[in-house]
Structure formats: C-alpha cells, structure tokens
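For reference, the structure is listed below as structure tokens.
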Amino acid sequence: MEQSIANNKRIAKNTLLLYIRMLVVMGVTLFTSRVILIALGIDDFGIYNVVGGLSSSFIFFSTALTNSTQRFLNFELGTHSNNRVKNVFNLSLLIYSLIAVCIVIVGITVGGWIVKTQLIIPPNKLDAATIVFYAMVISLGLTFIFSVYESVLIARENMKIYAYLGVFDALAKLGIAYCIMCVENKLIVYAILMILVQFIPKVIMVIYCTKMYQECRPQFYWNRGLFKEMLGFTGWNIYGSGVWMINEQGINILSNMFFGPVVNAARGIAVQVSNAVNNFSINFYTAVRPQLIKRYAAGELQSMKSLLYSSSRFSFYLLWVLCLPLILRTDYILGIWLKTVPEYAVIFVQWILIYSMVNVLNNPLWTTISATGNLKQTVVIGSNLFLLVFPASYLAIKFGANPVIVYPLLSLGRGAFLLVTIVNLKKYIDITIKEYIMQVIFPIISCILPVIISMSYINTLFSHTFLNLIIIILCSTILCLISIFYLGTTKHERCMLLERLLRIIKTRNK
C-alpha cells in the first residue's frame with residue numbers, strides 16, 4: 001500500500017514537471033509557428049512540411065525501438081534486475097546503430113527519388129527541397145542512435161532533465177525563426193539550423209545519462225536469446241509504427257499530389273496545433289507509462305488495471321478541456337495567431353483535434369499490451385484494420401472528396417484498433433470490453449455531452465472578439481472541470497483530488 005502511494009506521488013511529481021515543460025514549449029511553439037509561416041511564406045512552409053514529414057516518417061523505426069527498449073528496461077527495473085537492465089541498454093544501442101545506417105541508406109535513395117519525381121514542388125524550389133530532405137535524413141540517423149538514452153530517462157522516471165531539454169529545444173527554435181528572416185535561401189538555412197537544435201539536446205542527454213546511470217556506459221554485449229526476444233517484440237512494434245507512418249505521411253503525400261503545397265501548409269498548421277494540445281495528455285501518459293509496465297512485471301495486476309482505467313480517462317479529460325474552446329472558436333483563434341490562414345486550415349484543425357481525442361485512448365492500452373510482451377495478434381489484426389485508412393483515403397479523394405475526409409477515416413481506424421487491443425488484453429489480464437466501456441467510455445460520454453450541449457448554445461451568444469474568446473474559454477474550462485469532477489471520476493478519485501487540494505491550501509496558508 002505504501003509503495004503504491006509512493007508510486008502515485010512520483011507520477012504526480014513527474015506530471016507536474018512535464019506540465020511546466022509543456023506550458024513553456026506550447027507557448028513558444030505556437031508563436032514560433034506564426035513567425036515561421038510569415039518568414040517562409042505559405043509555399044515554402046508547405047514544402048518544408050511535406051519534405052520534412054517524408055524524412056521524419058523514417059522515425060517510425062526509432063519510435064518502435066524506443067517503445068521496445070522502454071518496455072524491457074521498465075520490466076527489468078520492475079523485477080529489480082540491474083544486470084539485465086545494463087544488458088538491455090547495450091544490446092539496444094547495438095541494434096539502434098545498425099538500423100540507423102540502414103535508415104540513412106534507404107532514406108537517401110528511396111526518399112530522394114520520391115522528393116525529386118513524385119511530389120508537387122515548384123522547379124525553382126526543387127534543389128532546396130532535396131538538400132533539406134538529405135540533411136534531415138542524416139540528422140535522423142544520428143539522433144536515432146542517441147534515442148536509447150531517452151528510453152533510460154523515461155524508464156528511470158527522471159523527468160527533470162527531460163523537461164529542461166524540452167524547454168531549451170523550444171527556445172532555440174524561436175531564435176531560429178527570427179534568424180531566417182535575415183538570410184537568403186530561407187528554406188535551406190531553416191532546415192540546417194533545425195537539425196543543429198535537435199542534435200545538441202541529444203548530446204547533452206547522452207553525457208548526463210552516462211554520468212548518472214551505470215547501465216549507460218556502453219560496452220559491447222551480445223546475447224542471442226535476449227536479442228531474439230527483443231527482436232520479436234520490436235518487429236511487431238515496427239510493423240505497427242510502420243502502419244501509422246503510412247497513414248500519417250502517406251496521407252500527407254496524397255494531399256500534396258492531389259491538392260499541392262497549400263493544403264500541406266494547412267495540414268502543417270493543424271499538426272502544430274494538435275502537437276501543442278497533445279502535450280497535455282502525453283506528459284501525463286509519459287509519467288504513467290513506466291508504472292504500468294513495472295506493476296505488471298511485479299505481478300500487481302489489479303493495481304495496474306486500476307491505473308489503466310484512470311490514466312485512460314484523465315488522458316482524455318486533459319485533452320478535452322483544451323480542445324473544446326479551440327474547436328468552438330477555431331477560425332477566430334487562427335486569425336489572431338496567423339497573419340495568413342491557409343485554405344482548409346480551420347476545418348483541418350477541428351478534425352485533427354477530434355482525431356487526437358480518439359487516439360489518446362489507445363496510449364495506455366498499447367502500453368499495457370506491450371507490458372505483456374505479446375503484440376502479435378494486436379498488431380496483425382488492429383494495424384491491418386488501421387492500414388485500410390490509406391487506400392480508403394486515396395479512393396475517397398480520387399472520386400472527389402474533400403481533403404478533410406482523411407480525419408474521420410483515421411478516427412474510425414483508431415477506434416477499431418482500440419477494440420482489438422482490449423479483446424487481446426483479455427487473454428493476459430482480467431479485462432472485458434463491457435468493463436472498459438463502463439470504466440472509461442461511459443464516464444467520458446457522461447461528462448462531455450452536457451458540456452457540448454451547453455457550450456454550443458453559449459457560443460452563439462457571443463460575437464468574435466478577444467474579450468468574448470476569453471469568456472468562452474473560461475466558461476468552457478469551468479463547465480468541463482465541474483462535469484469531470486462530478487460525472488467523470490470515481491468516488492475514490494474525487495476523495496483523492498479533494499484531499500490533495502486541501503493539502504495544497506494548508507501548505508500555502510502556513
């Protein structure tokens with residue numbers, strides 16, 4: 001019991017650190033996007049997003065391996081096997097290095113061919129776009145090798161240095177935004193400076209981890225059994241992440257092929273907004289993820305299941321509180337934020353926020369199924385269902401559908417993936433679709449429906465001014481919080497929230 005309380009306090013502390021990081025990063029990122037759009041112009045901004053998206057699509061290998069490494073590190077930490085922790089790190093570093101070389105080769109050859117022959121890029125911008133792509137692929141290979149150290153930070157639940165590096169990254173990008181206003185060849189200079197900013201924090205993280213954690217002192221290690229175990233788990237992770245890459249970046253390329261850079265610019269704006277608000281729920285999830293795996297490794301299945309349900313709901317709530325006012329006043333907010341709002345940007349932002357709220361429910365479930373080490377059936381069935389989104393989007397756009405159609409299709413795909421994950425989890429822990437609906441979906445619907453109805457009416461009462469925007473945000477936030485507290489939480493959670501609030505008040509009054 002005491003250990004569970006200590007773990008919950010650690011989650012709360014790490015979440016707070018990540019939120020401080022997020023507030024700074026979100027504010028700077030949104031302002032930086034505005035400056036970048038002005039400095040580059042819509043065409044260059046669209047080109048950077050489609051080319052940068054194509055090169056970063058190879059990061060799905062990194063995502064898959066990072067998830068795998070975190071799973072094995074957390075599992076061994078949960079069983080208190082320090083020697084195995086060191087072995088997992090060294091074997092992961094070896095695998096990362098080998099795959100990084102392959103990624104650079106494939107990226108430069110196949111990716112370079114796509115940029116030069118398949119994308120719609122103005123002829124006078126093609127050389128710059130190609131240079132940007134090659135530079136980003138090489139950078140990806142270098143940072144890919146270092147991402148294993150990030151896995152260690154998260155597995156060790158050390159969010160302090162993680163938060164500092166995030167703030168540095170955001171402030172440096174703001175500096176870049178102003179620098180490119182003073183140079184020619186803005187697109188190339190922007191890409192090179194962005195690479196430099198992404199690389200420096202990785203080097204700092206490597207130095208820190210090497211100094212603080214014994215397992216991060218590299219040495220050659222080979223174990224066929226552990227390699228086979230990690231490779232099997234990683235293979236399914238790579239397949240699942242690859243499907244995500246095909247949908248996300250493939251749809252980005254489709255948008256370029258059918259509608260040109262202007263739609264890519266609109267989608268880039270939508271992705272910026274989505275990334276900013278997603279940080280709220282992702283920070284909470286990042287703090288929770290190690291505990292889910294460690295509790296499974298320690299055999300604390302009931303505690304893990306309770307954390308799964310509560311983290312699923314609160315991940316959604318954190319995103320919901322932010323998204324509702326943004327959806328209600330998207331056109332006015334984008335008008336304030338950007339001097340020029342690209343066509344389709346408003347509807348893209350609204351739909352990508354809805355998609356994000358559906359997608360966020362998958363994160364705790366994916367971590368839980370990863371903790372069991374049995375991904376095959378979830379990936380084979382769930383990912384193949386999700387993969388259908390890409391051909392469905394192609395056919396829809398081919399026959400004249402609006403480019404926004406991709407987001408309703410993506411939302412349906414992620415919903416199907418969620419159901420498949422729950423069905424497969426039933427084999428390893430005591431969980432059913434009915435129980436998940438009662439513990440997660442029903443509380444969510446119960447608390448959002450009254451707020452949607454109320455705010456839809458309240459929104460019609462106020463014109464589009466800055467003061468009225470503040471009023472809408474305040475009304476929305478207050479109604480959301482009240483609804484979440486009374487309709488979206490359990491009695492035990494309400495007691496914990498009140499107890500913590502009273503403790504904060506007493507501390508401040510002393």
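Things worth noting here:
- Taking 29 Å as the limit for the C-alpha separation, the pairs 376/434; 228/434; 211/376; 86/427; 173/294; 116/376 exceed it in the case of 228/434; 211/376; 86/427; 173/294; 116/376.
- Peptide ranges 122-134, 173-185 listed from the most packed, as the mean C-beta count within 10 angstrom indicates: 122-134, 173-185
- Separation of segment 165-199 from segment 381-437 is 36 Å, based on Cα centroids.
- Tensor-based shape of segment 275-428 (alpha-carbon gyration tensor, a/c under 1.5 rounded, otherwise prolate or oblate): oblate
- Averaged over residues, the count of other Cβ atoms within 10 Å places the peptides 242-250, 365-373, 226-234 in the sequence 365-373, 242-250, 226-234, highest first.
- Seen through its C-alpha gyration tensor, with square-root eigenvalues sorted a ≥ b ≥ c, segment 376-510 comes out oblate because a/c lies at 1.5 or above while a/b is not bigger than b/c.
- The residues of segment 298-380 expose, per residue, 32 Å² of accessible area to a 1.4 Å probe.
- Sorted on the mean count of surrounding Cβ atoms within 10 Å across their residues, most packed first, peptides 341-352, 418-429 read 341-352, 418-429.
The values are calculated or read from the model by the stated rules, or taken from the named source; none is laboratory data. These figures come from a predicted structure and were not determined experimentally. Don't worry about glycine lacking a Cβ; one is built from the backbone with ideal geometry, like all the others, and counts go over all protein chains shown. The accessibility values were calculated without ligands, DNA or RNA, using every heavy atom of the protein model including side chains. Shrake-Rupley method; radii C 1.70, N 1.55, O 1.52, S 1.80 Å.
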